[in-house]
Every structure is written in C-alpha cells, then in structure tokens.
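This report refers to the structure that appears directly beneath it.
The values are calculated or read from the model by the stated rules, or taken from the named source; none is laboratory data. Keep in mind that this is a model prediction, so the values were computed, not measured. Please note: Cβ atoms are built from the backbone with ideal geometry, for glycine as well, and neighbour counts cover all protein chains shown. For accessibility, only protein heavy atoms count, side chains too; no ligands or nucleic acids. Shrake-Rupley method; radii C 1.70, N 1.55, O 1.52, S 1.80 Å.
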Amino acid sequence: MKIKCIAVDDEPLALEMLCSFIEQTSFLSLEAKFENAIDALAHIHRNKVDLIFLDIQMPDLSGMELARVLESNKSSSDTRIIFTTAYNQFAIEGYKVDALDYLLKPYSYEEFLKASTKAYQYFERKAHPMPTSTEENSQSYIFLKVEYQLVKVMLKDIIYVEGYKDYVKVHLVGKSSPLLSLTSLKNMEDLLPEQHFMRIHRSYIISLDHIESITRNTVNMGSTTIAVSDNYKDTFLQFVNKWIG
C-alpha cells in the first residue's frame, strides 16, 4: 500500500529535508510539495491526498487554519495530517483537529519514520477493517530501518530485542541471526504493544508470548536466558503473580 502525500512548509531547507525523508520511505508516495498552504489547499481540492506533512506557522494561511478548513470540508474528510513545527505550544491544538502525529523541528528520520508508520497503520486498518471485539484487531507489525531499506516485522515473530550501542538486535522466530536496526531500545519500547512485550532489563525487551520458563531472577526465551534487573523486577513480578494466583 502506497500513501499519497504532500509536503507543505514555507522554509525551503525544511521542505527539502521533509521531501527527502518521504522519498526514503517505501510506503509513502510524494505527490507534490508546496511553500504555502493556499496552493496546497487548491491541490487538495483537485486531487486525492491521503496524508499531509504540514508546517503550522506560515504566512497568509497557517497550517492550523488549513487543517480546520479540511475538517469542515466533507470532500477532504479522509485526508489526515502530521504537523511539523518548531514550536511545541501547538501540540494541543494539533490534536484538537485530529492530527495523526506532531513532529517537533528539528526531527530525525527515526522520529519521522515513527510518525509515518502510525499513518501507515491507520490507512491499513481503514483499508482492511477487522471485527472490533477481538484482540487480533490490535497492531500486528512494525517497520524497522535495516541498512538502506525498511523491513516489515511481524510482532508475533519477535522473541526479544537486545540493545547494542546505537542499534538494537531484533531476534526473530526461524532466523539464525538478528535484524540490526539503527534505533534505540526506548524507541522500540514505545513501538511495541505493552500487552505483548515487556522491558525486563536496561538492555532487553522480551515477548511475553515467547517465554518458555521463569526462574526467580531470569526468563528463558528458548536457548537464551535473560536476567530480570532490579529496576524492572516489580513490574515483571506483577505479570508473574497474575499466573500464580
């Protein structure tokens, strides 16, 4: 699935960087770019746009004003927004107009990818709706940057995630070597749904579905034994106590 998007920013350098990030991302299709919101609005009225990466502070018509116009226009009700701005005081206003996310300048590609993945998951759910009363309706995958590509990783295949300097190693079912991705363990913790994953150590996040056995201070994940550190022990014990009554 390709998400048709446009980029809107009155700062040429910021617009250039944003377009570069979009073009690096395999599931995004950059349809057009604009240095003002008025031209962007005219394009949206003539063309189908799924997603707008939208700066807030612009002359004549601000990004927030454009968002309100779109919100009141039924023909553009399916267009979603990710705001980009150098000013964090607009965050609450952004969520009032139902923005998907909010990128605070200067943002990294990692932050951009996280916001874009949220958009991908939104459009994927919309394209393939599922029954609402089952757990299967929850997030089922993430995208990780591995070398020069984005790799789709199914959550059910992740056994555990290991912090490794500026990278993470993602150990997967049926794979002899882990995926190495340039991201932080904290970012992985934010990406992974807490009902299925838990951080038990400064350097490890485990899949609760892949635990094979538990001892007093360790967790066995197949052939790997991981220690539960003191900082995470209370949370882990709460999980264990649910099963031992």
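In angstrom, the C-alpha Rg and Dmax of the chain are 20.7, 64. Multiplying the residue separation of LYS48 and LEU208 by 0.36 nm and removing their Cα-Cα distance gives an extension gain of 53.5 nm.
Between GLU23 and LYS152, the contour length at 0.36 nm per residue exceeds the alpha carbon distance by 44.7 nm. Relative to the longest principal axis of the Cα atoms of the chain, the long axis of helix 12-24 lies at roughly 50 degrees.
Think of a 1.4 Å ball rolled over the protein heavy atoms: the chain then has 56 Å² of accessible area per residue. Computed from the C-beta positions of THR225 and GLU16 and an R0 of 51 Å, the FRET efficiency is 0.55 to the nearest 0.05. Dividing the helix sum by the residues of the chain, where each DSSP H run of 4 or more adds -39500 (n - 2.57), gives a mean residue ellipticity at 222 nm of -10000 deg cm²/dmol.
Using only the alpha-carbon atoms, how far is helix 230-244 inclined from the longest principal axis of the chain? Give it as 0 to 90 degrees, nearest 10. That works out to roughly 70 degrees. Which of rounded, prolate, oblate describes region 139-180, given a ≥ b ≥ c as roots of the alpha-carbon gyration tensor eigenvalues and a/c under 1.5 marking rounded, otherwise prolate only if a/b is larger than b/c? Oblate, since a/c reaches 1.5 and b/c is not below a/b. The simple Förster model, with R0 at 45 Å and r as the Cβ-Cβ distance, assigns LEU237 and TYR164 a FRET efficiency of 0.95. Per residue, the average separation of C-alpha pairs within less than 8 Å and at least 6 apart gives the chain a relative contact order of 10 percent. The modelled label-to-label distance between ALA86 and GLU65, using points 7 Å beyond Cα along the C-beta direction, is 2.0 nm.
For region 156-202 versus region 99-130, the inter-centroid distance based on Cα atoms is 20 Å.
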